[in-house]
Structures are given as C-alpha cells and as structure tokens.
Amino acid sequence: MKFGILVNEGPYTHEASDSALQFTRAALAKGHEVTRVFFYHDGVNNGTRLGVPPQDDRNITREWSSLAKEHELDLVVCIAAAQRRGLLDADEAKRHGKDADNIAEGFRISGLGQLIEVAIQADRLMVFGD
Amino acid sequence: MATLHTVNKSPFERNALDTCLRLAKQGSGILFLEDGVYGALKGTAASEKVAKAAGEHKVYVLGPDLAARGMQEDQILDGIQVVDYAGFVDLAAEHDRVNAWL
C-alpha cells in the first residue's frame with residue numbers, strides 16, 4: 001500500500017513529527033511504500049539543518065534525513081510556508097538576496113501541488129499535526 | 001471497511017474527541033494517540049462517554065504513547081485495544097480512509 005504523510009507541526013512542539021517518523025518507519029518496515037512526506041505550516045521547521053538539540057535528545061531533522069537516505073524518501077517542504085519561516089535552499093537564498101541557506105540533507109522545497117499529487121497517488125494520506 | 005479516526009489531543013484540552021464521537025459513523029475505528037491517550041483512561045470525566053463509544057465503535061490506543069506518559073494498560077477502559085506503531089499502520093491499511101481530528 002502507498003502512504004502519503006503530511007506533517008503540519010514543527011519539531012519539539014507536541015508530538016506530531018515524532019508520530020509521523022514512527023509511523024513512517026513502521027510502514028516501511030511492513031513493506032509499504034511511503035510515496036512522499038510533505039511538510040506544511042510550522043512543519044517546515046523540521047527541515048532546518050541548523051537545529052542543535054541537546055546531545056541526549058533526539059535530533060528529529062537528522063532522523064528524517066537518515067530515513068530519507070536509507071529508503072529514498074521524498075521529503076518536500078512547502079515553499080510558501082518555508083519562506084515565511086526563513087527556511088531556504090541555496091536557490092531560494094540567492095533569489096531573495098539572503099546570506100545563507102539552511103535546508104537539511106534529503107529535504108527539498110516545492111509547491112503545494114506536491115501535496116495534492118501525493119493525496120491522489122497514495123492509498124492513504126496520514127495527517128500529523130497540532 | 002469504515003473510516004479510522006485518529007484523536008491526538010486530550011479530551012481535557014480540546015474538543016476533538018467530542019467532535020469525533022458526534023460525527024463518527026457506527027462501526028468506525030477510533031485510535032487515541034499522543035495526548036489523546038488520556039481519553040482512554042478509567043475514572044475520568046471522559047470515561048463514561050468513551051466507554052459508551054467503545055460499544056459502538058472499535059476503539060484503540062497507541063501503547064508507546066501510554067508508556068511515554070507513565071500509564072499502564074490496567075488503567076485503560078475495558079473494550080479498548082492497545083496497539084503499537086505496526087498496529088497503527090495495519091489499522092490505517094485495513095480501513096478505507098483515515099481522518100485525523102487535529
């Protein structure tokens with residue numbers, strides 16, 4: 001079965017990003033396909049590589065990045081939500097004249113059409129958020 | 001098969017559970033996760049309506065989220081089934097659709 005995952009909440013807020021991660025891991029472990037993980041609203045904050053959580057705490061961004069690497073997941077950050085919150089890749093940073101970018105490995109910035117597409121393509125859309 | 005409803009907020013914080021119970025068709029699946037697991041406890045102000053719902057729907061609670069809050073399975077209302085993340089995936093796959101009451 002194909003799952004789409006929507007994350008609407010930032011890391012370390014309540015539990016949405018952790019739940020989405022655990023669900024994604026469990027779905028992959030069962031042999032399901034995770035077609036795309038879409039980060040929307042404050043969920044885009046999961047995609048910054050500049051977060052430095054305490055060493056004895058989980059690093060949610062890094063966990064998403066490594067899971068994406070291992071399973072070739074498509075981690076997509078909503079561009080409009082990302083720009084409002086200061087999450088930029090190199091192209092966007094250049095386009096807006098910013099001095100740095102901060103998107104983490106394995107994430108890419110794209111539009112809301114990517115959410116619509118996965119909602120159509122996947123058998124189930126799992127929504128995690130506040 | 002029916003819809004799986006997920007409730008991730010405590011019934012003492014938001015009205016997501018009430019809305020879910022009001023609108024879920026009989027025979028739905030309802031999964032409590034995150035702070036939603038407080039809705040599965042015995043002896044609370046929400047227990048009576050949740051016990052009633054367990055008679056009309058299949059009610060589940062996510063075990064790891066119970067454990068993360070220091071709760072034991074013997075504190076859970078009768079008729080509520082404890083599942084792990086693999087069980088959550090199975091529930092999502094077995095139902096026709098999933099509706100998250102955020």
Task: Phi to ³J(HN,Hα) by Karplus 6.51 cos²θ - 1.76 cosθ + 1.60 over region A:64-77, Hz, x for Gly, Pro - done: 5, 4, 6, 5, 5, 5, 5, 10, 6, 6, 9, 9, 10, 9
Task: About the Cα centre, charge dipole magnitude for region B:3-101 (Lys/Arg +1, Asp/Glu -1 at Cβ), debye - done: 360
Task: Solution diffusion estimate, µm²/s, Stokes-Einstein, region A:53-130, Kirkwood Rh from C-alpha pairs, 37 °C, viscosity 0.692 mPa s - done: 231
Open item on the list: Checking the table A:K2/B:K49; A:K2/B:K52; A:K30/A:K94; A:K30/B:K25; B:K9/B:K52 against a 31 Å threshold on Cα-Cα, which pairs fail?
Closed with: A:K2/B:K49; A:K2/B:K52; A:K30/A:K94
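Taking only protein heavy atoms into account and a 1.4 Å probe, give the accessible area per residue of chain B in Å².
On the way: 4720 Å² over 102 residues.
Result: 46 Å² per residue.
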TODO: Can you give me the three principal axis dimensions of region A:2-128 from its C-alpha atoms, in Å, biggest first?
DONE: 43, 37, 25
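For chain B, what relative contact order do you get, as a whole percent, if you take Cα pairs closer than 8 Å and at least 6 residues apart? Before the final figure, lay out the partial values.
Details: 177 pairs, mean separation 37.9, N = 102.
Worked out over chain B, it gives 37 percent.
Roughly to the nearest percent, how much of the accessible area of region A:2-128 is carbon and sulfur, given a 1.4 Å probe?
Values: 2910 of 6250 Å².
Answer for region A:2-128 is 47 percent, counting heavy atoms of protein chains only.
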Task: Three semi-axes of the equivalent ellipsoid, the protein assembly as shown, Cα gyration tensor, whole Å, largest first - done: 33, 18, 16
TODO: Compute the signed sum of charges (Lys and Arg +1, Asp and Glu -1) over the other residues within less than 11 Å, Cβ to Cβ, of B:Y85.
DONE: -2
Task: Nonlocal amide H pairs with B:T6, under 5 Å, H built at 1.01 Å - done: B:L31, B:N99, B:A100, B:W101
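A:A27: net charge of surrounding residues, Cβ under 12 Å, Lys/Arg +1, Asp/Glu -1, itself excluded?
Details: positive: A:K2, A:R25, A:K30, A:R124; negative: A:E33, A:D123, B:D90.
The answer is +1.
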TODO: Considering only DSSP beta bridges where both residues belong to the protein assembly as shown, give the percentage that are antiparallel (nearest 5).
DONE: 5
- [ ] Please report the relative contact order for chain A, taking Cα pairs under 8 Å with a sequence separation of at least 6, and give it as a percent rounded to a whole number.
- [x] 37
Task: Placed amide H near A:I109: partners under 5 Å, 5+ positions off or other chain - done: A:V77
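Which value, in Å³ per residue, describes the convex hull spanned by the Cα atoms of chain B? Please list the in-between numbers first.
Working: hull volume 8.4 nm³, N = 102.
Taking the convex hull of the Cα positions in chain B, it is 83 Å³ per residue.
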Open item on the list: Over region B:8-56, what portion of Cα pair distances is larger than 13 Å, expressed as a whole percent?
Closed with: 53
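The values are calculated or read from the model by the stated rules, or taken from the named source; none is laboratory data. None of these values were measured; they are calculated from a predicted model. Ideal geometry is used to build each Cβ from the backbone, glycine not excepted, and the neighbour counts take in all protein chains shown. These accessible areas exclude ligands, DNA and RNA; they are computed on the full protein's heavy atoms, side chains included. Shrake-Rupley method; radii C 1.70, N 1.55, O 1.52, S 1.80 Å.
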